[in-house]
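Take a look at the structure below.
The values are calculated or read from the model by the stated rules, or taken from the named source; none is laboratory data. It should be emphasised that the depicted structure is a prediction, and the values quoted were computed from it without experimental measurement. We place every Cβ from the backbone using ideal geometry, glycine too, and count neighbours over all the protein chains shown. The protein model used for the area step is the full one, side chains on, heavy atoms only, and it has no ligands, DNA or RNA in it. Shrake-Rupley method; radii C 1.70, N 1.55, O 1.52, S 1.80 Å.
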Amino acid sequence: MTTTDTPSRAARIVTEVCSPTVVVVLLPLAVAWHATGHQVGRTVLWGLVVAVFSSALPMLFIVRGARLGRWDGHHVRNRDGRTVPLLLCLGSTALGLAILLFGHAPADVIALDVAMLVTLFACTIVTRWWKISLHSAVAGGAVATLALLYGPLLLLLTPFVVLIGWSRVAVRDHTVPQVIAGALIGPILGGAVFLLVR
């Protein structure tokens with residue numbers, strides 16, 4: 001292995017381990033843990049509703065589509081190919097939100113889902129013309145949400161947002177402006193919606 005191989009391998013690992021799919025499984029559990037007063041059963045229930053409809057089901061669809069050759073991989077690197085997967089993510093997240101509302105989920109969990117839905121909608125609109133980084137948007141929004149719930153000490157997670165942004169540039173899926181835009185839209189738009197809805 002040469003020295004030049006190391007950063008790209010590290011970047012690929014960060015890109016996968018810190019993908020929106022992973023973050024959107026863990027974040028709802030952290031929010032539900034706080035929202036339910038640390039009740040394990042309700043944390044798992046509401047956290048999994050968000051995780052399944054906003055992460056697992058969309059990723060299953062995306063992976064299947066990639067295997068059928070409909071797009072160029074599970075990260076859908078081609079901007080033009082992102083419309084259908086993003087619309088599916090929006091529809092699935094909206095269905096999950098309906099379940100949360102029908103089931104009288106805790107307010108913070110509902111607020112998280114609405115914030116994710118609005119941020120995803122904004123990113124979908126932007127992506128019609130410019131390939132904004134969803135990795136950075138989700139990571140930035142996650143750090144903002146955790147800081148709002150658990151306190152400003154959680155802003156110490158911000159370097160992870162920078163690391164994720166670096167990985168997206170290093171694997172040549174995004175430019176620096178695209179990851180910066182994502183890292184801003186997630187906490188600014190998502191954080192504002194979360195605060196307004198909760």
| task | Quick one: grab the alpha carbon gyration tensor of segment 1-84, order the square roots of its eigenvalues as a ≥ b ≥ c, and give me rounded if a/c is under 1.5, else prolate or oblate depending on whether a/b is larger than b/c. | result | oblate
| Ratio Rg/Rh [Cα only; Rh per Kirkwood] for the chain | 0.97
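In segment 43-130, what percent of the accessible surface is made up of carbon and sulfur (1.4 Å probe, ligands and nucleic acids excluded)?
It is 71 percent, rounded to a whole number.
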| task | Using just the helices of the chain, give the 222 nm mean residue ellipticity in deg cm²/dmol: DSSP H runs with n ≥ 4 each add -39,500 (n - 2.57), and the total is spread over all residues, rounded to 500. | result | -23000 deg cm²/dmol
| said: If I fit a long axis through the Cα atoms of helix 5-17 and take the longest principal axis of the Cα atoms of the chain, what angle between them do I get, 0 to 90°, rounded to 10? | reply: 20
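Taking a probe of 1.4 Å, how large is the accessible area per residue of segment 1-145, in Å²?
Per residue, segment 1-145 has 48 Å² of solvent-accessible surface.
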| What's the angle, to the nearest 10 degrees (0 to 90), between helix 158-170's Cα axis and the longest principal axis of the chain? | 30
| query | For segment 171-188, what does the Karplus curve 6.51 cos²θ - 1.76 cosθ + 1.60, with θ = phi - 60°, yield as ³J(HN,Hα) per residue in whole Hz, taken in order and with x for Gly and Pro? | reply | 8, 6, 8, 8, 9, 4, x, 5, 6, 5, 4, x, 5, 8, 5, x, x, 6
| query | With +1 on each Lys and Arg Cβ and -1 on each Asp and Glu Cβ, how big is the dipole of the chain about its Cα centre, in debye rounded to the nearest 20? | reply | 400
| Which Cα, out of Ala105, Val22, His34, lies furthest along the positive dipole direction of the chain (beta carbon charges, K/R +1, D/E -1)? | Val22
| Considering only protein heavy atoms, what is the solvent-accessible area of Thr83 at a probe of 1.4 Å, reported in Å² to the nearest 10? | 40
